[in-house]
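Below you'll find the structure, written out as structure tokens, and then a few comments.
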Amino acid sequence: MEVIIRPDAAAACRLTAHLIANAIRENPRLVLGLATGRTMEKLYEMLAQMHRENGLDFAEVQSFNLDEYVGLAPEDPDSYRTYMNHHLFSKVNIKLENTYLPNGAAPDPDAECAEYDAQITACGGIGLQLLGIGRTGHIGFNEPLSALRSRTRCKALSPETMAQNSPLFSDPARMPRRAMTMGVGTIIESKRCLMLVTGDEKADILAKAVEGPITSMISATALQLHPRCTVIVDEAAAAKLQQREYYHWIFDNEPEWDPYRA
Ligand code: F6R
């Protein structure tokens, strides 16, 4: 795992956008894992801008989102499908038929989850998985005690996650209490993981996730097992990290980061 600290949220999003853009340029048929949430909105704006102004081409990209709320149909205004269509898919030239999210309204949610995992495998696995982190330390909706080898399945949302996300609903009381989520095992099989974390309210959980012991109580700690995981954070989110100086040194000196030092 590598931690890269940027001065602010805009710079963290910009670096993440450049890494995703480079991955698409290197492999135009990239299988891209996507996340939703507040943190990603700015990032998707930047990717849309790169498409408009620099011709970043999503024509052959396939995408798989991490999660969807159980009970919400794709066309529901509060579904993650609607979020993705609004923030990214309608603003770039990705083919909608190449964008996958679990169907929250599937009559058999367990079968839907198993099928989702199988679709990821059929596409050759995820090349680059974008992740955020929730207040419980979840990646996707892998709440505390999610098995570190779990597959896509339904999970009960924690009270903390309900409090985190219900204000995003048109009516907070509409927020479902369960979600379909890629499992921790599914996520860490991705060839590369990029976790983007910004804001001081994430500082405590980020420190536990990257510098604490691996535990199913904090599913993001499983990323420590991943052979190629980059965590991009702003100074505010980095505030509680013990090795901040070392992480700065990496960005300032490692050749991999040369192109990104303006
Ligand atoms: C959503 C997802 C979640 C979020 C996390 C952070 O698809 O995967 O793990 O990334 O809850 O959400 P924000 O960015 O709203 O703080």
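A compact table of results
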quantity	calculated
Unique residue being within 16 Å of the ligand (Cβ to nearest atom) and surrounded by 16 or more Cβ atoms within 10 Å (Cβ to Cβ) when the list is 120, 94	120
Among the residues listed as 166, 158, the single one being open to solvent by less than 50 Å² (accessible area, probe 1.4 Å) and without any contact (Cβ under 8 Å) to a residue 12 or more places away in the chain	166
Residues of the stretch 16-42 that turn out to be away from the ligand (no atom under 12 Å from the Cβ) and not in a helix (DSSP H, G or I), as a count	6
Sole residue being assigned to a loop (DSSP other than H, G, I, E, B) and among the charged types (D, E, K, R), chosen from 53, 75, 45	75
Among (1) within 14 Å of the ligand (Cβ to nearest atom); (2) closer than 16 Å to residue 226 by Cα - the single one residue 135 does not satisfy	(2)
Residue that is closer than 30 Å to residue 259 by Cβ and open to solvent by less than 30 Å² (accessible area, probe 1.4 Å), where the choices are 101, 72, 34	34
Single residue of the stretch 203-220 satisfying the filter (in contact with a helix residue (DSSP H, G or I) (Cβ under 8 Å, 6 or more places away or on another chain), more than 29 Å from residue 78 (Cα to Cα) and part of a helix (DSSP H, G or I)) that is most open to solvent (accessible area, probe 1.4 Å)	208
Among (1) open to solvent by less than 70 Å² (accessible area, probe 1.4 Å); (2) more than 22 Å from residue 209 (Cα to Cα); (3) not β-branched (Val, Ile, Thr), the one test that residue 173 misses	(1)
Residue match in the stretch 184-202 (condition: more than 14 Å from the chain's Cα centre (by Cα), among the acidic types (Asp, Glu), surrounded by 15 or more Cβ atoms within 10 Å (Cβ to Cβ) and part of a helix (DSSP H, G or I))	no
Near pairs, Cβ below 6 angstrom, 6+ apart or cross-chain, from the stretch 32-43 (at pLDDT below 95) to any residue that is near the ligand (Cβ under 6 Å from one of its atoms)	none
Residues satisfying the stated conditions in the stretch 43-70, i.e. within 16 Å of the ligand (Cβ to nearest atom) and among the β-branched types (Val, Ile, Thr)	70
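The values are calculated or read from the model by the stated rules, or taken from the named source; none is laboratory data. These figures come from a predicted structure and were not determined experimentally. Virtual Cβ from ideal backbone geometry, glycine too; neighbours counted across all protein chains shown. Keep in mind that these areas ignore ligands, DNA and RNA; they rest on the heavy atoms of the full protein, side chains included. Shrake-Rupley method; radii C 1.70, N 1.55, O 1.52, S 1.80 Å.
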